[in-house]
Protein chains: 2
Amino acid sequence: MENSEYKRLKALIDEHLLTFLPEIDDKSGTLLEAMEYSLTAGGKRIRPVLLLGASEFCGADAKLALPYACAIEYIHTYSMIHDDLPAMDDDELRRGKPTNHCVFGEGMAILAGDGLLNSAFETMMKDILLYFDDPKEIRKRSRALYEIAKGSGCRGMIAGQVADIESEGKTCTKELLDYIHLNKTATLFIAAIRAGAYLGGADSRKLLDLSDYAECIGLAFQIADDLLDVCGDEAQTGKAGGKDCQHEKCTFPSIYGIENAKARLSELTDKALEIMAPYYDEAELFTDLAKELAVRTK
Amino acid sequence: MENSEYKRLKALIDEHLLTFLPEIDDKSGTLLEAMEYSLTAGGKRIRPVLLLGASEFCGADAKLALPYACAIEYIHTYSMIHDDLPAMDDDELRRGKPTNHCVFGEGMAILAGDGLLNSAFETMMKDILLYFDDPKEIRKRSRALYEIAKGSGCRGMIAGQVADIESEGKTCTKELLDYIHLNKTATLFIAAIRAGAYLGGADSRKLLDLSDYAECIGLAFQIADDLLDVCGDEAQTGKAGGKDCQHEKCTFPSIYGIENAKARLSELTDKALEIMAPYYDEAELFTDLAKELAVRTK
């Protein structure tokens, strides 16, 4: 991502990402190693950047939102570790590196995922306990935690993953595809931006606009991802190409065709830009991000 | 368990256990089915009873602690689903019924576990949001959530599971055995009782006594479990016997021998009773529970 705000916030996340993990003793050293392996295996950090960006956009200091930003990256990372397992997508490469279970074994990869999900909530709750004498801050932070819990749970990301694995080999309807895209990807984008908005004390107008924007770029991101799987090669994507096709996954290009998928991606990007237009330069991070996601190659 | 208080609290949990799960739509119906399958597959509900019992012991209405009690049972249940997976303990039976992955497949079992862990935090956080105008209640409830997050995480239950799978086939030291027992089982007992104590507004004396008591019965419970694996048969335990031995697990009887394991179990039970003795009849639930756990056969 070329936007300088994006780079600044991403650097802040990369710098602090490991610092919020619970202190793990030597006897569970491999667990920490496995968790850190996947956390530091690269990644665009889109979700935590959205969270920090929304929090600044609404008037807060991004640094005070860091526990939530790191927590959402822990959740995203755990979901990838579990998603790559042989019983799920069975991927051996992620971002050009061997997946977690290929390095640490399946049992440890399951526990590393569990550990990251648990650490996300532990990290956020530990932060909330710091504000015991400040009811206003507790309120903001509790709302942020709840948004993340809802978005990553059985009415959000996990629901998307369930529908995704259940759709394999079946006839995919447009309705099911929408459901998978919305829940598997867009919901965590929405949760990230809403959590940031709450932390920043957003008014209801901004909260609504940011949510709508996040839904658009979340859906656009997933379509771009599906397109990359069809059109990209391993060098671009860092993982084996055509996996979705092998698994007979329900994807946008497989239902609508490549050209229609590109048109929909562009339509969603335009809508995202339109939502943020009234904020002019203040929303540059968000508008630049929408544009870059639409043309990303990796 | 014969204690009438125990029965009353267990009935309360069984009645409400499914009511705190997030509303899941039809497209993720199998997920809900898989989660409910393991939640309703029987079980003594020791952890949630400890939580409710501690909360009443410290002066609160058990009903108001139910979201936390159910959350800790979700966490215990997710840990069993993941623990039974082929990549972990590879168990086909649990409480006499086929394990989750044998019924729903490995992918769905992983997601059902993830879903239960996530739902635990979602449930507790949703409860906290109800008390926005009551800083004192928020404080108690946030502490309870944090105790549970810490106890189930990388410094607690997950650490125990990591050490457990890593110990397989290796020479087990007494120190490692203590570490596994404390973290794998006792930590969640302690978290349950401390969460309940916080919800009930415990003073520091009661908090300490309850924590010490929970550590004793948690360790005793695990020794009894190890003994059942060696001495019990499938009809008693509801799972295939001698599994620990097959996996060359680090267990109390394998290091100290059966007679010494029994002596240690009895010593821990006595210590638990001694801790609660100053509370006389008020602590009957806890003393009866300690006695019953020491002689349990299933």
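The values are calculated or read from the model by the stated rules, or taken from the named source; none is laboratory data. On a predicted model such as this, the values are computed, not experimentally measured, just so you know. Virtual Cβ from ideal backbone geometry, glycine too; neighbours counted across all protein chains shown.
Assorted remarks:
- Set B:ILE180, B:ILE165: member being surrounded by fewer than 24 Cβ atoms within 10 Å (Cβ to Cβ), at pLDDT below 95 and β-branched (Val, Ile, Thr): B:ILE165
- Take the conditions (1) at pLDDT 95 or above; (2) outside any helix (DSSP H, G or I); (3) surrounded by 17 or more Cβ atoms within 10 Å (Cβ to Cβ); B:LYS271 misses just one of them, which is (2).
- In summary, helices (runs of 4 or more DSSP H) completely within region B:61-152 and bearing 1 or more residues that are touching a Cys at 6+ places or on another chain (Cβ under 8 Å) and either free of Cβ contacts under 8 Å to residues at least 40 places away in the same chain or more than 9 Å from chain A (Cβ to nearest Cβ) (or both) occur at B:106-129.
- In region A:17-36, the residues that are more than 9 Å from chain B (Cβ to nearest Cβ) reach residues that are assigned to a loop (DSSP other than H, G, I, E, B) with C-beta atoms within less than 7 angstrom, at least six apart or across chains, in these pairs: A:GLU36/A:LEU18.
- Count of residues meeting criterion [in contact with a Pro (Cβ under 8 Å, 6 or more places away or on another chain) and either surrounded by fewer than 24 Cβ atoms within 10 Å (Cβ to Cβ) or farther than 28 Å from A:ARG143 by Cα (or both)] in region B:93-122: 2
- When residues of region A:123-142 are limited to those that are under 25 Å from the mean Cα position of the chain (by Cα) and under 30 Å from B:VAL162 (Cα atoms), the one surrounded by the fewest Cβ atoms within 10 Å (Cβ to Cβ): A:LYS126
- Where B:TYR198 falls short, out of the listed (1) within 16 Å of the chain's Cα centre (by Cα); (2) within 12 Å of chain A (Cβ to nearest Cβ); (3) not polar (S, T, N, Q): (1)
- Verdict on B:ALA197 being under 21 Å from B:VAL49 (Cα atoms), among the aliphatic types (A, V, I, L, M) and not in a helix (DSSP H, G or I): no
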